[in-house]
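Here's the structure, in structure tokens; my notes come after.
A short reminder: the numbers here are calculations on the coordinates, not readings from a lab. None of the values given here were measured: they were computed from a predicted structure. When we count neighbours, we look across all protein chains shown, and the Cβ atoms used for this are built from the backbone with ideal geometry, even at glycine.
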Amino acid sequence: MSDQFDLIVIGAGPGGYVCAIRAAQLGMKVACVEKRATLGGTCLNVGCIPSKALLQSSENYHAVRHDFAAHGVIAGDVRFDLPKMMGHKDEVVTANTRGVEFLFKKNKVTWLKGEARFKTADTITVGTESYTARSIVIATGSESVPLPGVAIDETRIVTSTGAIALAQVPQHLVVIGGGYIGLELGSVWRRLGAEVTVVEFLDRLVPTMDGEIAAAFQKILTKSGMKFRLGTKVTKADTAGERVALTLEPAAGGTAETLTADVVLVAIGRRAHTENLGLDAIGVSTDARGRVVTDAHFATNVKGIYAIGDVIAGPMLAHKAEEEGVALAEILAGQAGHVNYGAIPGVVYTWPEIASVGQTEEELKAAGIAYKVGKFPFMANGRARAMGDTDGFVKLLSDKATDRLLGAHIIGPDAGTIIAELVMAIEFGASAEDVARTSHAHPTLNEAVKEAALAVDGRALHI
Ligand code: FAD
Ligand code: NAI
């Protein structure tokens with residue numbers, strides 16, 4: 001006789017653990033299967049949380065060394081202790097993963113430890129045990145995309161998992177892929193003294209972000225000493241020598257050249273993870289990119305089986321997975337769960353940060369939507385000047401006819417926090433005028449948002 005649940009969630013990442021907790025809050029008997037030794041998935045164990053710990057630590061070091069003197073703070077001989085930095089990162093991870101364990105206990109979610117596999121549409125096995133549920137959610141997340149000819153060993157050729165655990169600062173780090181991971185982790189090691197070269201296939205960085213923001217970002221990162229090889233691909237890595245020899249070619253083909261590195265970070269995207277789940281046996285459909293296909297209510301083509309998070313279509317972001325987890329739990333409880341995909345922010349946590357919500361200028365052009373633009377630079381913001389963080393700007397896009405806010409893009413200090421009011425504005429269907437007429441505390445970085453909203457109609461006051 002197998003154990004019976006109302007809901008079994010496979011995977012305890014931000015999608016799965018949040019779905020499990022919300023379903024338990026709504027009165028369901030819930031189990032969550034996780035094969036890792038700790039809860040929290042990619043995000044808490046090897047993704048969002050450890051990378052942000054290292055970004056913060058390395059930024060602290062960089063700020064003391066390079067920025068404090070301008071404030072009249074003399075720091076003397078500043079050094080860093082890498083094992084201690086890594087220790088801090090590990091403590092932060094442990095506190096977070098234990099926190100999820102506590103939340104499971106508090107909400108009476110059963111953690112089934114081990115790897116889940118479908119036996120039938122309503123039964124899974126974990127080790128030698130079988131468990132049955134009315135509904136089963138696939139929340140198995142994603143894994144990094146491999147690059148042919150560049151074999152990962154997690155020591156010299158690493159994914160993000162190896163790059164957040166290097167034992168020493170590489171002399172030369174080559175990052176393949178100028179996206180979220182490459183630029184965040186490239187920044188960490190650059191600040192700690194590595195020479196960093198980013199090799200990007202396209203002719204621009206962060207391809208999902210607004211083009212103007214991406215161009216400004218590249219300039220600022222270049223100022224920090226990062227080097228860029230755009231429109232370039234890596235075709236081979238030779239690890240026979242003391243250093244890794246990479247073969248580079250123009251993306252469109254052409255003459256090959258060699259670039260040597262001490263460590264190579266492969267960060268060319270992530271793909272849905274469904275290995276060993278037994279999806280074929282029960283007939284769950286996946287798309288050409290291996291993602292589980294779902295309808296607007298997260299239902300797969302097999303009755304009673306649902307999927308959320310990185311394993312389905314959409315941006316691979318923790319908060320997107322969480323929103324889906326909550327919405328699905330509410331749908332399963334007979335409520336009207338819903339995710340507004342037009343109001344999911346994206347943030348790259350470098351310094352300055354870049355943050356974005358809604359449509360980019362390129363997307364509006366491609367869709368033939370007439371729009372207005374309002375921009376305001378942090379150089380003209382009093383608080384940014386006081387901080388000594390004047391790089392970047394706020395850019396707002398609103399509908400030319402209705403003034404409804406369609407997109408917001410920021411490069412600047414704490415952009416990831418600043419963007420929140422614009423996510424709210426888009427969620428509530430606000431116009432640029434609504435934002436412009438909202439009182440913003442002075443002196444705050446968010447005043448740049450108000451000024452950009454005023455600039456949409458040419459009324460910025462401080463520029
Ligand atoms: P995951 O977090 O991947 O969790 C899936 C879980 O399922 C895993 O723990 C896995 O062990 C488990 N699992 C898989 N198969 C089985 C099975 N058969 N049985 C049992 N368990 C199974 N996003 C942000 O929003 N902000 C960030 O700052 C950010 N930083 C990141 C930094 C890095 C370096 C990386 C790699 C990612 C980052 N992300 C960030 C992305 C974020 O981590 C993912 O979007 C998020 O974790 C997806 O959540 P999920 O629940 O869908 O899957
Ligand atoms: P990414 O999709 O952000 O960037 C990958 C980059 O690699 C792109 O610019 C792409 O053009 C380039 N590329 C693809 N193939 C290439 C090749 N053969 N050679 C050179 N360049 C190539 O993917 P990344 O950085 O691996 O991160 C995966 C995902 O994880 C992100 O898309 C994001 O969803 C999530 N993430 C989110 C973070 C955040 O929210 N701050 C931080 C880290 C990851």
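Values as computed for the structure displayed
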quantity	calculated
Centre separation in Å (Cα based) which lies between the stretch 165-244 and the stretch 37-73	18
Cα-only radius of gyration and Dmax that characterise the stretch 352-463, units Å	12.9, 41
Separation in nanometres of the label points that stand 7 Å from Cα toward Cβ, at Arg98 and Ala420	2.6
Spin-label pair Leu82/Lys106, simplified geometry with 7 Å Cα→Cβ offset, distance in nm	3.8
For Val33, residues with placed amide H under 5 Å, excluding near neighbours	Val9, Ile10, Gly11, Leu112
Surrounding net charge for Val100, when Lys and Arg each add one and Asp and Glu each subtract one, Cβ distance under 13 Å	+1
Theoretical FRET efficiency, 1/(1+(r/R0)^6), r = Cβ-Cβ of Asp90 and Ala121, R0 45 Å, to 0.05	0.70
Under the Karplus curve 6.51 cos²θ - 1.76 cosθ + 1.60, θ = phi - 60°, whole-Hz ³J(HN,Hα) for the stretch 268-282, x wherever Gly or Pro sits	10, x, 10, 10, 4, 10, 10, 4, 6, 7, x, 5, 4, 4, 9
The chain, helix-only ellipticity at 222 nm - DSSP H runs n ≥ 4, -39,500 (n - 2.57), divided by all residues, nearest 500	-9000 deg cm²/dmol
Formal net charge of residues neighbouring His440 (Cβ-Cβ distance under 10 Å; K, R +1; D, E -1)	-2
Charge tally in the Cβ shell below 11 Å around Ala163, where Lys, Arg are +1 and Asp, Glu are -1, Ala163 excluded	-2
Estimated FRET transfer efficiency when R0 is 25 angstrom, pair Asp399-Leu202 (beta carbons, to 0.05)	0.30
Cross-link pairs Lys219/Lys372; Lys29/Lys119; Lys236/Lys395; Lys35/Lys89 - those with Cα-Cα distance over 31 Å	Lys236/Lys395
Residues Ala333 and Lys223, FRET efficiency given R0 of 60 Å [Cβ-Cβ distance, rounded to 0.05]	0.70
Amide H within-cut-off set for Ser431, under 5 Å, with H built and near neighbours excluded	Leu405
Inter-part distance where the stretch 320-349 and the stretch 387-463 are each reduced to a Cα centre, Å	24
Length gained when the stretch Thr258-Phe428 is fully extended (0.36 nm per residue, less Cα-Cα span)	56.0 nm
Reach of Lys84 by Cα under 19 Å, taken over aspartates and glutamates that are not fewer than 8 positions away in the same chain	Glu59
Alpha-carbon centroids, the stretch 78-137 and the stretch 263-297: separation in whole Å	20
Highest-first arrangement of 285-296, 95-106, where packing means the average Cβ count within 10 Å	95-106, 285-296
Residues listed by number, the stretch 382-397, amide nitrogen under 16 Å from Asp67 label point at 7 Å toward C-beta	382-393
Two-site label geometry, Thr38 and Ala215: point separation in nm, points 7 Å out along Cα→Cβ	4.3
Using θ = phi - 60° and Karplus 6.51 cos²θ - 1.76 cosθ + 1.60, couplings along the stretch 154-165 (whole Hz; Gly, Pro as x)	6, 10, 9, 10, 10, 8, 4, 4, x, 6, 9, 9
